[in-house]
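The structure appears right after this line, and notes come after that.
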Amino acid sequence: MENVTLNVSGMSCGHCVSAVEGNVGKLAGVDSVKVHLESGKVDVAFDNDKVSLKKIKETIDDQGYDVE
Ligand SMILES: [Cu+2]
């Protein structure tokens, strides 16, 4: 299991939290995802054999947020 903290800009409210946590959370191989709205950080725990970090970043990007 890998644990990463991503810096994500553009998240501003509960809708953003739901969009990121919901869409990243339903990727196969993602164990947990937690958005920290105040700091603009997203903690993700995932299985590197099942899902790539690139895929996770793309999923966040697809919701309209910028991942560092
Ligand atoms: Cu929002």
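FYI, it's all coordinate maths here, none of it is from the lab. Keep in mind that what you see is a predicted model, and the values were worked out from it rather than measured. So basically every Cβ, Gly included, is an ideal-geometry build from the backbone, and we count neighbours across all protein chains shown.
Taking springs between alpha-carbon atoms closer than 10 angstrom, which of Lys54, Lys34, Lys26 fluctuates most in the Gaussian network model of the chain?
Answer for the Gaussian network model of the chain: Lys54.
Under a 10 Å cutoff between Cα atoms, tell me which one of Gly29, Gly40, Gly14 has the largest fluctuation in the Gaussian network model of the chain.
Gly14
Count charges around Asp43 for me, please; just the other residues with Cβ under 12 Å from its Cβ, Lys/Arg as +1, Asp/Glu as -1.
-1
Taking springs between alpha-carbon atoms closer than 10 angstrom, which of Glu38, Glu58, Glu21 fluctuates most in the Gaussian network model of the chain?
The residue with the greatest mean-square fluctuation here is Glu38.
Along the Cα-to-C-beta direction of Gln63, a point sits 7 Å from the Cα; which residues of the range 1-27 have their amide N less than 14 Å from that point?
Once the point is set 7 Å along Cα→Cβ of Gln63, 6-27 turn out to lie under 14 Å by backbone N, inside the range 1-27.
Evaluate the Debye formula for the range 2-67 with equal point scatterers sitting on the alpha carbons, no solvent, and hand back log10 of I(q)/I(0) at q = 0.13 Å⁻¹, in q order, two decimals.
Taken in order of the listed q values, log10 I(q)/I(0) reads -0.28.
If each residue of separation counts as 0.36 nm, what is the full-extension length gain between Lys55 and Lys41 once their alpha-carbon separation is subtracted?
Between Lys55 and Lys41, full extension yields an extra 3.3 nm.
Short version: ³J(HN,Hα) in whole Hz for each residue of the range 53-68, in order, from phi by Karplus 6.51 cos²θ - 1.76 cosθ + 1.60 (θ = phi - 60°), x for Gly and Pro, what are they?
Per residue, the Karplus-derived 3J(HN,Hα) values read 4, 4, 4, 5, 5, 4, 5, 5, 4, 4, 7, x, 10, 9, 9, 5 Hz.
On a 0 to 90° scale, report how tilted helix 14-25 is relative to the longest principal axis of the chain, with both axes built from alpha carbons and the result rounded to the nearest 10.
10 degrees
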